[in-house]
Amino acid sequence: MTSNMDREMILADFQAAINGVIPQENGILQSDYGGETISGPAFDPASHPAPAPAPSSSSAFRPVMPSRQIVERQPRMLDFRVEYRDRNVDVVLEDSCTVGEIKQILENELQIPVSKMLLKGWKTGDVEDSTVLKSLHLPKNNSLYVLTPDLPPPSSSSHAGALQESLNQNFMLIITHREVQREYNLNFSGSSTIQEVKRNVYDLTSIPVRHQLWEGWPTSATDDSMCLAESGLSYPCHRLTVGRRSSPAQTREQSEEQSTDVHMVSDSDGDDFEDASEFGVDDGEVFGMASSALRKSPMMPENAENEGDALLQFTAEFSSRYGDCHPVFFIGSLEAAFQEAFYVKARDRKLLAIYLHHDESVLTNVFCSQMLCAESIVSYLSQNFITWAWDLTKDANRARFLTMCNRHFGSVVAQTIRTQKTDQFPLFLIIMGKRSSNEVLNVIQGNTTVDELMMRLMAAMEIFTAQQQEDIKDEDEREARENVKREQDEAYRLSLEADRAKREAHEREMAEQFRLEQIRKEQEEEREAIRLSLEQALPPEPKEENAEPVSKLRIRTPSGEFLERRFLASNKLQIVFDFVASKGFPWDEFKLLSTFPRRDVTQLDPNKSLLEVKLFPQETLFLEAKE
């Protein structure tokens, strides 16, 4: 009897996990409040016909048809072992409780304020305090740990202080994907767990955690719940290698599971099921029994820091699902797509098409495979549009796009997208850049046909073409005005440069004249000083009646004037030179010539007397400038 009750509890837990992933697939209507069952009338097959199966799914869940009434599901109890430094605290809560309630219990046990407490170890990454435990699809037993980076470590343990410092450090993990020989450089904080690393690698490589085969982890890294700071990784960089673990038995088992319809609850016995997450099965994989949509890799990583990297993964995943014939998605941020489409010359502008994907919509596969990948649509979009894409499946990515939408298009468009139901996706937004604003021309929902999609694209193109012609005309007129103004500015600039050149040339000429005048004045002053000194140094002129012989010299200047003076016959020739120089004719610039015989007196020895050079008793000389 006890064994049967245990099996029923295990089956109920597993049924709750399936309902959390695929609501209403098994015929039990679940409310949004802590897993309570909504009471209602018995299921009537005649009044509730079964929906048509999705064409893209290779397997389906067979709904359970209760005959009379729906049995209420008991609240599921979850066990948590929380580690803080050298203490372990056991917490047991219902899955309808929130993360904040766990923190309140820990606050009483550990005497740590909730505001100073970081609760780590969640398989889905960091969670908010308001998150309901049921929404996390947790196993029955869980291991968590508390970090207090704002509180000082206890002074009695230096090891604890070093660990706390390591938790705040960032580790660079260089991970090589063995099968494709691709390398990923991933940054993780020391407080991240090994499980978080493996889940991130699952997003990048599509290798489920339970199929990952690792090389390079330290021997001390024995538990996936261990944080990186405790695992013994090399700081700041550590190399790891990951591949896919496979075996013939697993391949055979997966093939059989994918080709066989699964009968939930009604055809199974309780011994066949346990809580799937306790076996390390990833979200979206419940023993291979999830739908094909859940087995797919995400179109876009959650909380991607770089929009370009997110779009690269989106394009690769889109190609793997729907083939290589698809629109060319712009790789970059939404702002960069605006620059490419709108902020160029009017002749080069294009419309911007924003494709909003949602994996949980039943229309997604049909829209992508039959309409978005149609050759006519792909060709038309490539010629006339810049196509940018985003995945709204994850709540974080949805909130991020709504923020971008509110910033670029306004709150009305953001509210319109926010109120769209999941089954109305995917959406196709046609955006036209109109002067200083961006206008949404059309919002195309997923329930359309190829012809209707093409007609709406062509209608948007007609509106854009009319606006583009006006913009081209305005741009040409503006460029013509700018060219005239540019020519006028150039002519004015050249005129200013010519005037400046003339002014500078005149200033240089005046400066040169001033310099030469200064040199001339200095030379004249120097000559005058020399002349005066020579004049003062001359011996006095002898009188005509003198006891000593006197020589009378008559010297003709270049201007025709005559200089006359008496000298003693015993005076040296140098005194005659000094006399001539004192009159402004220095002997280094003029030569003194005699007539009969014609000779250059300045070439004679200046230390000889006038009598010796035969300039006695009288002589007529003339001055001539040297060449």
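The values are calculated or read from the model by the stated rules, or taken from the named source; none is laboratory data. Everything quoted here is computed from the prediction, not taken from an experiment. Here the Cβ is made from the backbone with ideal geometry for all residues, glycine too, and neighbour counts use every protein chain on show. Side chains included, ligands, DNA and RNA excluded: accessible areas come from the protein's heavy atoms. Shrake-Rupley method; radii C 1.70, N 1.55, O 1.52, S 1.80 Å.
Observations on the structure shown:
- Residue-span extension gain [SER369 to ARG556] - 0.36 nm each, minus C-alpha spacing: 55.3 nm
- With an a/c value of 1.5 or above and a/b not larger than b/c for the gyration tensor axes a ≥ b ≥ c computed over the alpha-carbon atoms, the range 97-220 is described as oblate.
- The range 417-491 and the range 556-627 have their alpha-carbon centroids 103 Å apart.
- Proximity of backbone amide H atoms, modeled 1.01 Å from N, is registered between ASP391 and HIS357 at under 5 Å, excluding neighbours fewer than 5 places apart on the same chain.
- Cα extents of the range 310-473 along the three principal axes, largest first (Å): 46, 33, 27
- Stokes-Einstein D in µm²/s, Kirkwood radius over Cα pairs - the range 77-147 at 20 °C with 1.002 mPa s viscosity: 177
- Here the range 300-391 is treated with +1 on each Lys and Arg Cβ and -1 on each Asp and Glu Cβ, and its dipole about the Cα centre works out to around 600 debye.
- The range 348-431: projected area of the alpha-carbon convex hull, averaged over directions, in nm²: 5.6
- Protection-proxy order for peptides 355-364, 134-143, each taking the mean of Cβ atoms within 10 Å per residue, highest first: 355-364, 134-143
- Figure legend: label point modelled 7 angstrom from the Cα of HIS408 along Cα→Cβ; residues of the range 331-359 with amide N under 12 Å from it are 331-343, 352-356.
- With every protein chain in place, the range 550-625: carbon and sulfur % of accessible area (1.4 Å): 50
- Net length gained if the chain between SER320 and GLU470 were fully extended (0.36 nm per residue, minus Cα distance): 49.8 nm
- Across the range 440-449, computed HN-Hα scalar couplings (Karplus, 6.51 cos²θ - 1.76 cosθ + 1.60, θ = phi - 60°) run 7, 7, 7, 10, 9, 8, x, 8, 9, 10 Hz from first to last residue, x flagging Gly and Pro.
- Here the 3J(HN,Hα) profile of the range 141-147, calculated from phi with Karplus coefficients 6.51, -1.76 and 1.60 at θ = phi - 60°, is 9, 9, 10, 10, 8, 10, 10 Hz, Gly and Pro shown as x.
- Under the convention that each Lys and Arg Cβ holds +1 and each Asp and Glu Cβ holds -1, the size of the dipole of the range 77-147 around its Cα centre is about 200 debye.
- About the centre of its Cα atoms, the range 506-549 shows a dipole size close to 180 debye [charges on the beta carbon of Lys, Arg (+1) and Asp, Glu (-1) only; nearest 20 debye].
- A 1.4 Å probe run over the range 446-532, with the rest of the protein chains in place, finds 79 Å² accessible per residue.
- Rounded, prolate or oblate (a/c below 1.5 giving rounded, otherwise prolate when a/b exceeds b/c) for the range 550-625 by Cα gyration tensor: rounded
- Proximal lysines relative to LYS123, as straight alpha-carbon distance under 27 Å, when same-chain residues fewer than 8 apart are discounted: LYS103, LYS134, LYS140, LYS198, LYS296, LYS394
- The phi torsions of the range 500-517, fed into the Karplus equation with coefficients 6.51, -1.76 and 1.60 and a -60° offset, translate into couplings of 5, 5, 4, 4, 5, 5, 5, 5, 5, 5, 5, 5, 5, 4, 4, 4, 5, 5 Hz, rounded to whole numbers, with Gly and Pro shown as x.
- Estimated FRET transfer efficiency when R0 is 25 angstrom, pair GLU535-SER570 (beta carbons, to 0.05): 0.75
- Alpha-carbon centroids, the range 496-515 and the range 180-235: separation in whole Å: 77
- Global form of the range 167-244, assessed from the alpha-carbon gyration tensor, a/c cut-off 1.5: prolate
- Debye intensity ratio in log₁₀ form over the Cα atoms of the range 402-509, taken at each q of 0.21 Å⁻¹: -1.13
- Taken along the Cα-to-beta-carbon direction at a fixed 7 Å, the label points for LYS116 and THR449 span 6.8 nm.
- Label-point separation, TYR184 to THR219 (7 Å along Cα→Cβ), nm: 2.9
- Per residue accessible area of the range 167-244, 1.4 Å probe, in Å²: 47
- Of the accessible area of the range 167-244, computed with a 1.4 Å probe over protein heavy atoms only, carbon and sulfur atoms account for 44 percent.
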